[in-house]
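Heads up: the structure comes next, in structure tokens.
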Amino acid sequence: MRGATQMMTEARPIQQSRTFLTDLVLPPDTNHHHTIFGGKVMAYVDKIACIAAMRHCRKPVVTASSDSFDFLAPIKTGEAINLEAYVTWTHKTSMEVFVRVESENLLTGEKRMTARAYLTMIALDDQGKPTSVPGVIPDTEEERIQYEKAKERHVLRRKRKVEM
């Protein structure tokens, strides 16, 4: 039987979890300012984080938290929304997933960062209980920076949960 106390399996490269999603922003996706609803962006972020986490651990996952969700710029009707996600760090049963969101003007090719977020995903066993996940191996400089700072973010998340 698998459980949270099971030993972690062999670590996997971060690249293995890297996931991309692109969609066209249409009028039903937007508010009266002709920009995408923030809740719609959040749903995309949660979905791509789930896929990245499942690619990493090859198990079902649930979202435990979303923090540091920063909206930086709007995405307008007719632009593409591009998302990239990957697992930055793991604990016993949890995975931190970083998601970057950008807009793309499909007529000019201009791209800009519009949002970024960190989500914590929990792997589940066949009985729906938390189960161990593999560690991660950062390869690129960006991945190494994310990995090194992840432990600090983990401590802050735990502290925030205690203060609630």
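Per the conditions (1) in contact (Cβ under 8 Å) with a residue 60 or more places away in the chain; (2) surrounded by 23 or more Cβ atoms within 10 Å (Cβ to Cβ); (3) over 25 Å from residue 29 (Cβ atoms); (4) under 12 Å from the mean Cα position of the chain (by Cα), the sole criterion not satisfied by residue 96 is (1).
Taking the numbered list (1) crowded, with 22+ Cβ neighbours inside 10 Å; (2) more than 18 Å from residue 52 (Cα to Cα); (3) among the hydroxyl-bearing types (Ser, Thr, Tyr) in turn, residue 108 passes all entries but (1). Give the stretch 1-52 a look and list any residue that's more than 28 Å from residue 143 (Cα to Cα) and modelled with pLDDT under 95, or say none. Residues satisfying the conditions are 1, 2, 3.
Counting only residues that are of a type in the set (A, V, I, L, M, F, W, C) and more than 12 Å from the chain's Cα centre (by Cα), how many does the stretch 100-121 have? Of the residues in that region, 3 qualify.
Restricting attention to the stretch 74-91, report how many residues are modelled with pLDDT under 95 and among the hydrophobic types (A, V, I, L, M, F, W, C). Let's see the steps before the verdict.
Filtering the stretch 74-91 down to residues modelled with pLDDT under 95 leaves 91.
After this cut, where a residue has to be among the hydrophobic types (A, V, I, L, M, F, W, C) as well, the list is none.
Result for the stretch 74-91: 0.
One residue alone among 82, 105 is touching a strand residue (DSSP E or B) at 6+ places or on another chain (Cβ under 9 Å) and farther than 17 Å from residue 18 by Cα, and that residue is 105.
The values are calculated or read from the model by the stated rules, or taken from the named source; none is laboratory data. All values reported here derive from a predicted model rather than from experimental measurement. We place every Cβ from the backbone using ideal geometry, glycine too, and count neighbours over all the protein chains shown.
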